[in-house]
Amino acid sequence: MKRIFSYFIQGVLLVAPVVIIVYILYSLFITIDGWLVTKIENLIGFSVPGAGIVFLFISLALLGYIGQTTLVQPIKNVAGKLIQKIPLLNLLFTSLNDLFSAFVGKDRKFNIPVKVLFNKENNLWKLGFVTKETLDELNLPEIAAVYFPHSYNFSGELYLVPKERIEKIELTPADAMKFIVSGGVTRFEQIEK
């Protein structure tokens, strides 16, 4: 009986991540498609399943393209100055903007995976990402900012670490993030030199 229960648990562990991801994507699709499909149906007169997602994708891509043009730059500058004058909105906007650009923007920050020596006596290391190689603006030229994501969680901690304790590792940023977030149980391929 214990063996059957063990097989059951292994099956759940095998299927659960896939089912959760499929469920989240399906729920997101149904929600967005439900919001937009009725508006599109009223506009064109008939129902097109999935039209809401296509419309949303095209709209965001078009908005992104327009946002890159020189015509929109003055509007972005005025809006930026206005947001800077509202303290709470400024904090929220800049934090979210920095977070999104760190993951998907032109200035991605999580692209230098490193290991940091935390306990020299016991030779304990922690994996993270260098987000700022020098902290000259804080008058700490020998210190780097290293972000350590938590395992099985989408949060982490930022440490200011002496540079001599940091070593770059030969992993892609995606593999390093998967390894850390999975608690060290994921498999990864080392980069060929």
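The values are calculated or read from the model by the stated rules, or taken from the named source; none is laboratory data. Remember, it's a predicted structure, so these values are computed and weren't measured experimentally. With ideal geometry, Cβ positions are generated from the backbone for all residues, glycine too; neighbour counts draw on all protein chains shown.
Quick notes on this structure:
Residue by residue, here is whether (1) among the aliphatic types (A, V, I, L, M); (2) at pLDDT below 75; (3) closer than 30 Å to TYR152 by Cα holds:
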residue: ILE21; (1), (2), (3): yes, yes, yes
residue: GLY45; (1), (2), (3): no, no, no
residue: LEU71; (1), (2), (3): yes, no, no
residue: LEU89; (1), (2), (3): yes, yes, no
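- When region 148-170 is limited to residues that are assigned to a helix (DSSP H, G or I) and not acidic (Asp, Glu), the one that is nearest to VAL181 (Cα to Cα) turns out to be ARG165.
- Exclusive hit being outside any loop (DSSP other than H, G, I, E, B), at pLDDT below 80 and closer than 30 Å to GLY64 by Cβ, set ALA176, ALA145, ALA102: ALA102
- Tally, over region 113-126, of residues that are crowded, with 19+ Cβ neighbours inside 10 Å and at pLDDT below 90: 1
- Hits in region 127-145 (condition: surrounded by 13 or more Cβ atoms within 10 Å (Cβ to Cβ) and out of contact with any helix residue (DSSP H, G or I) (no Cβ under 9 Å at 6 or more places or on another chain)): VAL130, LYS132, LEU135, LEU140, ALA145
- Residues satisfying the stated conditions in region 73-87, i.e. modelled with pLDDT of 80 or more and among the charged types (D, E, K, R): LYS81, LYS85
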